[in-house]
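First the structure, in the form of structure tokens, and then the observations on it.
The values are calculated or read from the model by the stated rules, or taken from the named source; none is laboratory data. Since we're looking at a predicted model, the values are computed, not measured. Cβ coordinates were reconstructed from backbone atoms using ideal geometry, including for glycine residues, and neighbour counts include every protein chain displayed. These area figures cover heavy atoms from the full protein model, side chains too; ligands, DNA and RNA do not enter into them. Shrake-Rupley method; radii C 1.70, N 1.55, O 1.52, S 1.80 Å.
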Amino acid sequence: MGLVSLKACREANIAESTDNPGVIARPPILYLGGLIALAVLGWFWPAPILASATLALYLGLVIGVLAVGFILWAIVTMRGAGTNVDPMKESTAIVTAGPFRYTRNPIYVGGTLLFLGFTIGFNSWWGLVVLVPMLAVLHVGVVLREERYLERKFGEPYRQYKSRVARYVGTRTQ
């Protein structure tokens, strides 16, 4: 009849839920928490970066627009490869095209640029203060967990990709 028992559904969900990197939080939540901290700190203790708030706003907007474009490029590339964008879901492919040719984590690089755009747009040094612990949490709680998961799941092809492409930007750091 095509009916599946509740027990089989639960077992399938349990099996499916374990095939993921086990990140501590969705990265957009980490960035949002950082933005809230930036806004609160900047509100109570202003610490301007630039003398001109207007210049800061426009510069922040330019950086933000570029960052969103980079993030969208990465998302479209991942979807085109048929894998999940959400790090709490299963990865079904190693993506090496598009921005993944230059960085293994283009969405996080773009998210960090977007955060810097907000920092400049809000014209507050507090963004840099907040960015340091936020990136530490992202690195340890998300990126390293994703890398261990991808290495377990895909093995040698992922290790070869790691050896060719930088984790973030610049150097090829394992």
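Applying the condition of being open to solvent by less than 40 Å² (accessible area, probe 1.4 Å) and either charged (D, E, K, R) or without any contact (Cβ under 8 Å) to a residue 24 or more places away in the chain (or both) to the stretch 79-111 and asking which residue is farthest from LYS162 (Cα to Cα) yields ASP86.
Residues in the stretch 133-148 that are under 18 Å from ALA37 (Cβ atoms) and over 12 Å from the mean Cα position of the chain (by Cα): PRO133, ALA136. Screening the candidates LEU35, LEU55, LEU30, LEU41 for the property of being more than 19 Å from the chain's Cα centre (by Cα) and closer than 24 Å to VAL140 by Cβ yields one hit, LEU41. With the requirement that a residue be touching a residue at least 60 places away in the same chain (Cβ under 8 Å) and either exposed (fewer than 13 other Cβ atoms within 10 Å of the Cβ) or under 10 Å from ILE120 (Cα atoms) (or both), what does the stretch 45-71 give you? Passing the criteria: TRP45, PRO46, PRO48, ILE49, LEU50, ALA53, ALA56, LEU57, LEU59, GLY60, LEU61. Cβ-Cβ distances below 8 Å connect the following pairs, each with a first residue in the stretch 139-150 that is under 18 Å from PRO106 (Cβ atoms), a second residue that is part of a helix (DSSP H, G or I), and a separation of six or more residues or different chains: VAL142/PRO27; VAL142/LEU30; VAL142/TYR108; VAL143/TYR108; GLU147/LYS162; LEU150/TYR158.
Residues being farther than 14 Å from LEU30 by Cα, among the aliphatic types (A, V, I, L, M), open to solvent by less than 50 Å² (accessible area, probe 1.4 Å) and in contact with a Pro (Cβ under 9 Å, 6 or more places away or on another chain) are represented in the stretch 149-162 by at least one member. Here VAL169 passes the criteria (1) assigned to a loop (DSSP other than H, G, I, E, B); (2) surrounded by 15 or more Cβ atoms within 10 Å (Cβ to Cβ) except the one numbered (2). Selection of first residues in the stretch 29-41 that are more than 12 Å from TRP125 (Cα to Cα) and in contact (Cβ under 8 Å) with a residue 40 or more places away in the chain and of second residues that are in a helix (DSSP H, G or I) and open to solvent by 40 Å² or more (accessible area, probe 1.4 Å), restricted to Cβ pairs under 7 Å at least 6 apart or on distinct chains, gives the following pairs, ordered by first then second residue: LEU30/VAL137; LEU35/PHE118.
Within the stretch 76-86, can one find any residue that is touching a Gly at 6+ places or on another chain (Cβ under 6 Å) and at pLDDT 95 or above? Yes; the residues of the stretch 76-86 include at least one that is touching a Gly at 6+ places or on another chain (Cβ under 6 Å) and at pLDDT 95 or above. Listed by position, the helices (runs of 4 or more DSSP H) inside the stretch 51-164 whose residues that are out of contact with any Cys (no Cβ under 9 Å at 6 or more places or on another chain) and among the small types (Gly, Ala, Ser) number at least 1 are 53-80, 106-121, 126-138, 156-164.
Condition test on VAL23, is it at pLDDT below 95, exposed (fewer than 12 other Cβ atoms within 10 Å of the Cβ) and of a type in the set (A, V, I, L, M)?
No; evaluated as a whole, the condition is false for this residue.
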